[in-house]
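K.L.:
My questions will all concern the structure given below.
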Amino acid sequence: MTLIEVPARIDPCMPSALEPEVVDLIASLSSAAGLLDSSLHPVTAGSLADLVRVMNCYYSNLIEGHKTRPRDIESALHDNFLHQEEKRNLQREAIAHITVQKRIDSMHAEGMLQDPVSGTFIQWLHKQFYLNLPESMCQIKKQGRSLTIVPGEYRNRAEQDVSVGLHQPPSSIHVNDFMAYFMERYTLASMGKGMRIVAMAAAHHRFNYIHPFPDGNGRVSRLLSHAMGLYAGIGAHGLWSISRGLARGLEGPGDYMRMMERADMARQGDLDLRGNLSLRALNDFIIWFLKVSLDQITFMQSLFAFDSLSSRLRMYCLREEWDREAFTLLEAVLVRGEIPRGEVARITSKKERSARIMLSGLIQHGILGSSTPKSPVSLRFPVSAAETLFPNLFP
């Protein structure tokens, strides 16, 4: 058996000792995620998580070279699909991604999220994504060959062998062995919080290095990183997205591919310690990945801070030419999370009929919503409001 087919080919999987910069980043990430998590009322945070999922999907698609407009994604969430087949398929991809991420977020909120790097969770991610697509989108052409994607199934036949740029992943017949080794090295349950955060970064590269599925590896790796962040305690209930950071980088959009390729580097002599791959390059990738994560958490924290969000909410009301009572109501909902409908007149000092008309208009606009026609109202964040309420969230 040649080296390329030995699962230890992905070693080192984790640094044996953490560099001081990594230790500092772990502390900063934990602190920043805690602040983000506590910055808003849980009900408001839940509504914002819906918008963040649209953002995450948008940037994940962008990394794949698929430019889907945020408004088209939002339209698809309301079953409004474009007529052009290519654009309609991109909307379907977006819905598939959001559906899976929402399920991950729900499992975490319910305390039901299993260790993302154990058992069949990774295959479940892939399976759920492709089960949400029509059969026609599971037929792909890869490097001159036509392949049928079986949801959740690793590469296991010679005709599924692939190359990714200059990188040659393990041959298909050995993928199961590589993934068993991957899970053994990255299972989070036995790690402390700090090492779980490091594993989130390191596993992102090593998963893509193995390239276990015929297609969809990039999307699965980003959903996996999202789940690992939640499990490691820095997910802030879905209020930030690694995909935005990977797509934008720290210096520019080319960072992600450049850092991934660098982490493919073979061991650089005795000073690079043991293992097939370069420990130095892996450490560089971990530091970069954690810096990107911290950058995104602090960015979202600045957007969601109560004072600044309240100020932009006031600007949004002015843009829409709503009266000041509308802002009074929206700010009250921002503070309290949700407001019983019967309290709207008292909060706004409007007469009952005027209060009902105003409330109906805000619900119809989409800035307020409720689970039933009579239940309390809470804030909603349509994509159309993002430009004012959350500048730079999307390009």
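K.L.:
So, of the residues in the range 378-395 that are among the polar types (S, T, N, Q) and outside any helix (DSSP H, G or I), which turns out to be farthest from residue 329 (Cα to Cα)?
P.N.:
Filtering the range 378-395 for residues among the polar types (S, T, N, Q) gives 378, 384, 388, 392.
Narrowing further to those that are outside any helix (DSSP H, G or I): 378, 392.
Numbers: 378: 10, 392: 26 Å.
Once the filter is applied, the top-ranked residue is 392.
K.L.:
Something else: I'm trying to understand the selection: among the residues of the range 328-377, which are surrounded by fewer than 15 Cβ atoms within 10 Å (Cβ to Cβ), part of a loop (DSSP other than H, G, I, E, B) and either at negative phi or in contact with a strand residue (DSSP E or B) (Cβ under 8 Å, 6 or more places away or on another chain) (or both)?
P.N.:
Across the range 328-377, the qualifying residues are 340, 351, 371, 372, 373, 374, 375.
K.L.:
Here's another thing I want to ask about it. Yes or no: residue 221 over 23 Å from residue 46 (Cβ atoms), more than 17 Å from the chain's Cα centre (by Cα), among the hydroxyl-bearing types (Ser, Thr, Tyr) and assigned by TED's automatic domain parsing to the domain that holds residue 256?
P.N.:
Answer is no for this residue.
K.L.:
State whether one or more residues within the range 218-233 are in contact with a Gly (Cβ under 6 Å, 6 or more places away or on another chain), part of a helix (DSSP H, G or I) and among the small types (Gly, Ala, Ser).
P.N.:
Yes, there is a match, as at least one residue in the range 218-233 is in contact with a Gly (Cβ under 6 Å, 6 or more places away or on another chain), part of a helix (DSSP H, G or I) and among the small types (Gly, Ala, Ser).
K.L.:
Within the range 41-50, does at least one residue satisfy the condition of being out of contact with any Gly (no Cβ under 9 Å at 6 or more places or on another chain), crowded, with 21+ Cβ neighbours inside 10 Å and in the same structural domain as residue 254 (by TED's automatic domain parsing)?
P.N.:
No, every residue in the range 41-50 fails to be out of contact with any Gly (no Cβ under 9 Å at 6 or more places or on another chain), crowded, with 21+ Cβ neighbours inside 10 Å and in the same structural domain as residue 254 (by TED's automatic domain parsing).
Okay, residues lined up against (1) of a type outside the set (A, V, I, L, M, F, W, C); (2) touching a residue at least 40 places away in the same chain (Cβ under 8 Å); (3) under 16 Å from residue 176 (Cα atoms):
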{"position": "118", "(1), (2), (3)": "yes, yes, yes"}
{"position": "125", "(1), (2), (3)": "no, yes, no"}
{"position": "140", "(1), (2), (3)": "no, yes, no"}
{"position": "144", "(1), (2), (3)": "yes, no, no"}
{"position": "150", "(1), (2), (3)": "no, no, yes"}
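K.L.:
Here is a further query. Return the only residue of 206, 267 being surrounded by fewer than 24 Cβ atoms within 10 Å (Cβ to Cβ), assigned by TED's automatic domain parsing to the domain that holds residue 35 and either on the phi < 0 side of the Ramachandran plot or within 11 Å of the chain's Cα centre (by Cα) (or both).
P.N.:
267
K.L.:
Give the residue, chosen from 96, 76, that is under 25 Å from residue 164 (Cβ atoms) and touching a helix residue (DSSP H, G or I) at 6+ places or on another chain (Cβ under 6 Å).
P.N.:
Values: 76 fails: under 25 Å from residue 164 (Cβ atoms).
Residue meeting the stated conditions: 96.
K.L.:
Of all residues being in a helix (DSSP H, G or I) and hydrophobic (A, V, I, L, M, F, W, C) in the range 234-257, which is nearest to residue 208 (Cα to Cα)? Just the residue, please.
P.N.:
257
The values are calculated or read from the model by the stated rules, or taken from the named source; none is laboratory data. Keep in mind that what you see is a predicted model, and the values were worked out from it rather than measured. Don't worry about glycine lacking a Cβ; one is built from the backbone with ideal geometry, like all the others, and counts go over all protein chains shown.
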